[in-house]
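A short write-up of the structure that comes next.
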Amino acid sequence: MQKRNNSIPLVYIVILNYKKWHDVVECLDSVFRSKYQHYKVFVIDNDSQNDSLQNLMDWAAHFPVTSSSAKNYFLSRDLDKITDLDSLPPLIFVQNDKNNGFAGGNNIILRIIAGQDAFIWLLNPDMVIADTALSELVQCAQAQPSGSIIGSVIRFQGRPEKIHMYGGGRIRFKSATISLVTKAEDIEKLDYISGGSLFTHAHQFRDIGLLPENYFLYWEETDWCYRARLRGNPITVCMTSVCYDKVGSSIGRGFLAEYYYTRNGLLFLSKYRRENIRLALFFCFIRLIKKIVTGQWKRTKGLYRGAESFMKMTSHGNK
């Protein structure tokens, strides 16, 4: 069991689940094998409606570190009843009564812990972490300016020798797309840290604000990190913190992924570089043609519907 230790920083780990409780179990198993032991884990179920929370609590009841946490869960509407965060067990389950998307799901916890003197680690449910990943993030954060936003080296779980990304990616302001940083020498060009492994001090979610909820899925952390950069917050990667990503197991790479990626990229651009919208729509057309030629029909439809949805939203003044 974890022991209270005031000499080392506390880390709140926030994991959002939607229908993928098997992935969460694997993620949690790796988290609880961490060499760093001063943390609390919040697992939020975003109204999966497939007994995810019950299955997770059943797993926790038989896992030695978390057996005392199996019945400690809250409904999202009852979170204001938590008055003493220190008294919470290592693992806390939260049941959301509706699917609020990535930002909305995470924010129900972030708004509670944003004022704490602690670190926050946003972690995707399909991520498996190295046993030193968390301890390295803490050491890196302590050596960086207090407002730093830090990512991990993300490798493919199926091909651990291959880099998926260094921390996050760059924003393509002409096309409303992003490109992952896959070379160490390009880390200094990072525009954002991926929400799959985003580490920072809790106060940043108080000072910068919570994750923007108008995107629902994709681009939320991009927007948040961009706001942080405008404030002067450093963005960097801890090269010794390694995580392994199943890549796409949460939502896949079909219609929904393409729809939200396209729509939200355009929404982001309308917020920060509105003069580029026409050019970005032209690039959407080029991407559409390429997907048609390669027979990616679901992604073609998702891209088209995403751009169409953006146009409808902006025509009604909903920016």
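The values are calculated or read from the model by the stated rules, or taken from the named source; none is laboratory data. What you see is a predicted model; the values in this text were computed from it and never measured. Every residue, glycine as well, gets a Cβ built from its backbone with ideal geometry; the counts of neighbours run over all protein chains shown. Keep in mind that these areas ignore ligands, DNA and RNA; they rest on the heavy atoms of the full protein, side chains included. Shrake-Rupley method; radii C 1.70, N 1.55, O 1.52, S 1.80 Å.
Going through Glu221, Glu213 one at a time, which residue ends up being under 14 Å from Asn106 (Cα atoms) and in contact with a strand residue (DSSP E or B) (Cβ under 8 Å, 6 or more places away or on another chain)?
Matching residue, one of Glu221, Glu213: Glu221.
Name the single residue, out of those in segment 100-128 being open to solvent by 10 Å² or more (accessible area, probe 1.4 Å) and part of a strand (DSSP E or B), that is farthest from Glu161 (Cα to Cα).
Only one residue tops the list, namely Phe119.
With Arg229, Arg263 as the choices, which residue is over 13 Å from the mean Cα position of the chain (by Cα) and crowded, with 18+ Cβ neighbours inside 10 Å?
From the options Arg229, Arg263, the qualifying one is Arg263.
For segment 289-304, give me each residue that is closer than 14 Å to Ala257 by Cα and surrounded by fewer than 16 Cβ atoms within 10 Å (Cβ to Cβ).
Correct list: Trp297 only.
Can you work out which of the residues in segment 52-67 that are open to solvent by 50 Å² or more (accessible area, probe 1.4 Å) and out of contact with any helix residue (DSSP H, G or I) (no Cβ under 8 Å at 6 or more places or on another chain) is nearest to Leu134 (Cα to Cα)?
Pro64
Quick check on segment 139-197: of everything there that is in a helix (DSSP H, G or I) and of a type in the set (D, E, K, R), which residue is surrounded by the fewest Cβ atoms within 10 Å (Cβ to Cβ)?
In this case the residue turns out to be Glu185.
One line per residue, one yes/no per condition, for (1) part of a helix (DSSP H, G or I); (2) at positive phi; (3) of a type in the set (Lys, Arg):
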site: Ala257; (1), (2), (3): yes, no, no
site: Tyr260; (1), (2), (3): yes, no, no
site: Ser270; (1), (2), (3): yes, no, no
site: Arg278; (1), (2), (3): yes, no, yes
site: Gly295; (1), (2), (3): no, yes, no
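What is the number of the single condition among (1) farther than 28 Å from Lys19 by Cβ; (2) in contact (Cβ under 8 Å) with a residue 40 or more places away in the chain that Thr177 does not meet?
The failed condition is (1).
Identify all residues within segment 22-39 that are open to solvent by less than 10 Å² (accessible area, probe 1.4 Å), β-branched (Val, Ile, Thr) and farther than 20 Å from Ala118 by Cα; write none if there are none.
Val24
For Asp80, work out the one condition from (1) part of a helix (DSSP H, G or I); (2) under 22 Å from the mean Cα position of the chain (by Cα); (3) not aliphatic (A, V, I, L, M) it doesn't fulfil.
It is condition (2) that Asp80 fails.
With the requirement that a residue be of a type in the set (Lys, Arg) and out of contact with any Asp or Glu (no Cβ under 7 Å at 6 or more places or on another chain), what does segment 156-201 give you?
The answer is Arg159, Lys162, Arg172, Lys174, Lys183, Lys189.
Contact list please: Cβ distance under 7 Å, first residue in segment 240-255 and among the aliphatic types (A, V, I, L, M), second residue at pLDDT 90 or above and open to solvent by 60 Å² or more (accessible area, probe 1.4 Å), pairs at least six apart or on different chains.
Val242/Arg155
Please specify each residue of segment 198-215 satisfying the condition of being under 14 Å from the mean Cα position of the chain (by Cα) and either open to solvent by less than 20 Å² (accessible area, probe 1.4 Å) or closer than 25 Å to Glu26 by Cα (or both).
Those that are under 14 Å from the mean Cα position of the chain (by Cα) and either open to solvent by less than 20 Å² (accessible area, probe 1.4 Å) or closer than 25 Å to Glu26 by Cα (or both): Leu198, Phe199, Thr200, Phe205, Leu211, Pro212, Tyr215.
Would you confirm, using the coordinates I've provided, whether Met311 is assigned to a strand (DSSP E or B), of a type in the set (A, V, I, L, M, F, W, C) and open to solvent by 50 Å² or more (accessible area, probe 1.4 Å)?
Taking the combined requirement at face value, the residue does not satisfy it.
Among the residues of segment 109-123, is any within 18 Å of Glu220 (Cβ to Cβ), at pLDDT below 95 and charged (D, E, K, R)?
yes
Name every residue in segment 234-259 that is out of contact with any Lys or Arg (no Cβ under 8 Å at 6 or more places or on another chain), open to solvent by 20 Å² or more (accessible area, probe 1.4 Å) and at pLDDT 95 or above, in order of residue number.
Result: Pro234, Thr236, Met239, Thr240.
Answer yes if at least one residue in segment 74-82 is under 19 Å from Trp21 (Cα atoms) and β-branched (Val, Ile, Thr), and no otherwise.
Within segment 74-82, not a single residue is under 19 Å from Trp21 (Cα atoms) and β-branched (Val, Ile, Thr).
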